[in-house]
Structure formats: structure tokens, C-alpha cells
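Student: I have a structure I would like to understand better, so I am pasting it below and will then ask my questions one at a time.
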Amino acid sequence: MAASEHTVLQFGTSSSTLTAKIHPLVIFNICDCYVRRPDQAERVIGTLLGSILPDGTVDIRNSYAVPHSESADQVALDIEYHHNMLVSHQKVNPKEVIVGWYSTGLGVTGGSALIHEFYSREVPNPIHLTVDTGFNNGEGTIKAYVSSNLSLGDRQLAAQFQEVPLDLRMVEAERVGFDILKTTMVDKLQNDLEGMEASMERLLALIDDVYKYVDNVVEGHVAPDNSIGRFISETVSSLPKLSPPAFDKLVNDSLQDNLLLLYLSSITRTQLSLAEKLNTAAQIL
């Protein structure tokens, strides 16, 4: 008796080892577009620009929103606007190419497969980035996905989104802005001294975490991680070798310079305000 033939249900090949790196500018730009969205729009959709690094990491550096209309069963993008914006961006930075697309909200929605199919025609294996602009519980959930096709024989049935690692690194000034952005309501923005104080408190907390991790590794409570050890070693070796008195003097001199700049800028603002009032009074007379 001839052996029966079976149709195999299989997933298409996907870059399961793909990783992505995103610059803070992209997050700020997406949040700004969300604030400026039309009243009837529930979310914002846009294009991600960047490049592919030599190690295969997707480096997301820039973005722009794309107007769209959305209903329960369909999504319509303004493709002409998308192409015009792409041409304009590449005139400024021709090295930036399309690497994927983004949408605001939590996770993947029903219409994401349709939009992803369009961007798959623009670039192979695009990244889908989701940004929680609601900042629920004071945290902004940012995730990246790639899509793989679910097929039955030669027939494509659906697309499955798989989360990939996403690296978001910021310098201290960007971190302060991102922390303020996550707070949906603030009484006032921090001045320079308050921002410096918050940064020092965060730095002390991170140093305490490093101390605890090293102690736990030495005592055998935590398994050692070579990558973390190398990172700590590089950080410690990058610090200048200064005695405590010399380090205190360096910090105090820098602090005095910052205070002097604040004082001079305050005097300049006062002088400009007085000059404006005198000019107004002279015109009235």
C-alpha cells in the first residue's frame, strides 16, 4: 500500500537572532507625533529610518509619521506622502534607509499584518516597533518585532510576529528628558541643579547595585556573567586616577563654573527684559 502524503504546516524562515538598537530621538519624535495627531486618530503610524550595522544589528536613528485611516477591517496609508518624506530625508542623510515601521499602543493589533506586508515590499524583513505612549504605571513599554509567515504547503495562511531584543541607550541628558516624558503630569521642569542632583542620586543607586552584584558573585550567591564583568572592568578602567582631594577640587571647580554661567545668564535675561520695557516706554512717550 502506498504511503499517504501529509501536508506540513510550517513557519517561514525569520531572523530569530536579529537585534535592534534605537536612539532616544526616535522615541521623542514618536511621542511628539502622537501628541500632534488628529483628534479622531487613536494611534500614530510611521516609518523607521536607519541602517544595518556590520554585525547585523538594525540601528534605528530617525522616523517620521505617515497619515493613515483605519477601520475595523482595513488600514489605508498615504503612500505618496510616505515616499515624498523618504526622498526628503535621504536628501539630508542618504545613508538612512527604511528599516521598518512603528505604531503607538501596546503590542501588535489586527491591522498590523496589513501594514507590515506593505513595508515588506519596501525593505526585506522590516522591524515593527510598538511604543506605549500612555506610559502606564510610569513605564513606557517599547518592543520590536519581526514577522514570519505561517503556511500550509504552498498556501500562506497568516503572519506571526516574534519579539526581538531591543537596545535603548541614553546619555544622562537624554535620560533626564525621558524620565520627565514618562511622568504624565509634572508641576514644573527641573532646573540644572535639580537635574544634577537627580542624576547623582541615580548614579549612587547604580553604584550600590554594582557593589551588591559583585559581592553576590564573590560569595557564590549569583552565577558570574563574563559580559557584565567585562563591562564593569571597562567602566572602572575608564575612570581617571585621581586622589580624593584632587577629585573633590575638580568637582567643586566645575560646579562653580556652572553656577557662574547660571548667574551670567540670569543677568543677561534681566538686562534684556529691562531693555525691552525701556524701548516700549520710549515708543509710548
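The values are calculated or read from the model by the stated rules, or taken from the named source; none is laboratory data. On a predicted model such as this, the values are computed, not experimentally measured, just so you know. Virtual Cβ from ideal backbone geometry, glycine too; neighbours counted across all protein chains shown. Each accessible area value is taken on the protein alone, full model and side chains, heavy atoms only, with ligands, DNA and RNA left out. Shrake-Rupley method; radii C 1.70, N 1.55, O 1.52, S 1.80 Å.
Student: Within the range 206-233, track down each residue that is more than 26 Å from ARG175 (Cα to Cα) and not charged (D, E, K, R).
Tutor: ASN216, VAL217, VAL218, GLY220, HIS221, VAL222, ALA223, PRO224, ASN226
Student: Is there a residue in the range 230-238 that is of a type in the set (D, E, K, R), part of a helix (DSSP H, G or I), open to solvent by 100 Å² or more (accessible area, probe 1.4 Å) and not assigned by TED's automatic domain parsing to the domain that holds THR133?
Tutor: First, the residues of the range 230-238 that are of a type in the set (D, E, K, R): 230, 234.
Narrowing the set further to residues that are part of a helix (DSSP H, G or I) leaves 230, 234.
From what is left, the residues that are open to solvent by 100 Å² or more (accessible area, probe 1.4 Å) are 230, 234.
In the following step, the residues that additionally are not assigned by TED's automatic domain parsing to the domain that holds THR133 were identified as 230, 234.
Within the range 230-238 (the criterion being of a type in the set (D, E, K, R), part of a helix (DSSP H, G or I), open to solvent by 100 Å² or more (accessible area, probe 1.4 Å) and not assigned by TED's automatic domain parsing to the domain that holds THR133), the answer is yes, since at least one residue qualifies.
Student: Output the residues belonging to the range 56-78 that are assigned to a strand (DSSP E or B), over 18 Å from PHE28 (Cα atoms) and not polar (S, T, N, Q). Show your work before the answer.
Tutor: Looking only at the range 56-78, we keep the residues that are assigned to a strand (DSSP E or B), and these are 58-65, 68-70, 75-77.
Subset that is over 18 Å from PHE28 (Cα atoms): 58, 68-70, 75-77.
Within the range 56-78, VAL58, HIS68, GLU70, VAL75, ALA76, LEU77 meet the criteria.
Student: Continuing with the same structure: Which one of these is part of a helix (DSSP H, G or I), in contact (Cβ under 8 Å) with a residue 12 or more places away in the chain and open to solvent by less than 40 Å² (accessible area, probe 1.4 Å): HIS82, HIS89?
Tutor: On the way: HIS89 fails: open to solvent by less than 40 Å² (accessible area, probe 1.4 Å).
After applying the criteria, what remains is HIS82.
Student: Still on this model: Within the range 106-132, track down each residue that is open to solvent by less than 60 Å² (accessible area, probe 1.4 Å), closer than 16 Å to ASP78 by Cβ and not small (Gly, Ala, Ser).
Tutor: Within the range 106-132, ILE115, PHE118, TYR119 qualify.
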